Amino acid sequence: MLRGSPPTFIARDFAHVSIKSDKWIRRMAEEHGMIEPFEPGQIKDRDGRKLVSYGTSSYGYDVRCADEFKIFTNINSSVVDPKSFDAGSFVDVKADECIIPPNSFALARTVEYFRIPRKVLTICLGKSTYARCGIIVNVTPLEPEWEGHVTLEFSNTTPLPARIYANEGVAQMLFLESDEECETSYRDRGGKYQGQRGVTLPRT
């Protein structure tokens, strides 16, 4: 490709994928239970108290964080091994707020339970309110026909303690629909995180 020429291969690759609108999200949630519980609008305050917003946006859905947290601690001096994860490396907290130590992380889950349609891939982006505080939200894609609570990872990249608010917005889900149905969905292959509830640790 010549320098300065348009990336036509990128346009061609994405020509058969569409990002879904608020109208589609509402319809899928209300008719097919794609998101439960579901908020059809944007909620920004409660009883006169400002919230980090959640609910349906123009082209996505802002999820809430539940009040169940697992805060990482190195008290056991363990090696972090995704094939043999030590659950003792976490401290369990159930509260309206979670304080993440400096340069550490915590796991949580969404309030919402998702059921992803077969022709849809869902990706997650952090909300700017947290990103501007040095708090990064990491979630892997929600694959076609996966369902469950989404496990969220919050990384505190700052040298100070960081606060996460339960039952408020923490990340936005974007829904990408293909014009071609996949041959094998997450459900078809019996994915190990299918139907997960609560905060789910790595499985092998």
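The values are calculated or read from the model by the stated rules, or taken from the named source; none is laboratory data. Given the structure is predicted, the values throughout are model-derived calculations rather than measurements. Backbone-built Cβ (ideal geometry, glycine too); neighbour counts: all protein chains shown.
The residue that is nearest to F114 (Cα to Cα), among those in region 22-48 that are of a type in the set (G, A, S) and exposed (fewer than 15 other Cβ atoms within 10 Å of the Cβ), is G33.
If I ask for residues that are of a type in the set (K, R) and surrounded by 16 or more Cβ atoms within 10 Å (Cβ to Cβ), which ones from region 170-191 would you list?
Here is the first cut: in region 170-191, the residues of a type in the set (K, R) are 187, 189.
Selection gives R187 alone.
For region 152-175, the set of residues classified as within 21 Å of I25 (Cα to Cα) and either of a type in the set (S, T, Y) or touching a Pro at 6+ places or on another chain (Cβ under 9 Å) (or both) consists of F175 only. Is it the case that some residue within region 134-144 is polar (S, T, N, Q), under 16 Å from A66 (Cβ atoms) and not in a strand (DSSP E or B)? Taking every residue of region 134-144 in turn, none turns out to be polar (S, T, N, Q), under 16 Å from A66 (Cβ atoms) and not in a strand (DSSP E or B).
Scanning region 138-166 for residues that are out of contact with any Ser or Thr (no Cβ under 7 Å at 6 or more places or on another chain), at pLDDT 95 or above, of a type outside the set (D, E) and crowded, with 17+ Cβ neighbours inside 10 Å yields a count of 8.
The conditions of being loosely packed, with under 15 Cβ neighbours inside 10 Å, within 19 Å of V93 (Cα to Cα) and of a type in the set (K, R) are met by R197.
Could you list, in sequence order, the residues of region 154-204 that are in a strand (DSSP E or B) and farther than 22 Å from F38 by Cα? Of everything in region 154-204, those that are in a strand (DSSP E or B) and farther than 22 Å from F38 by Cα turn out to be F154, S155, N156, A162, R163, S178.
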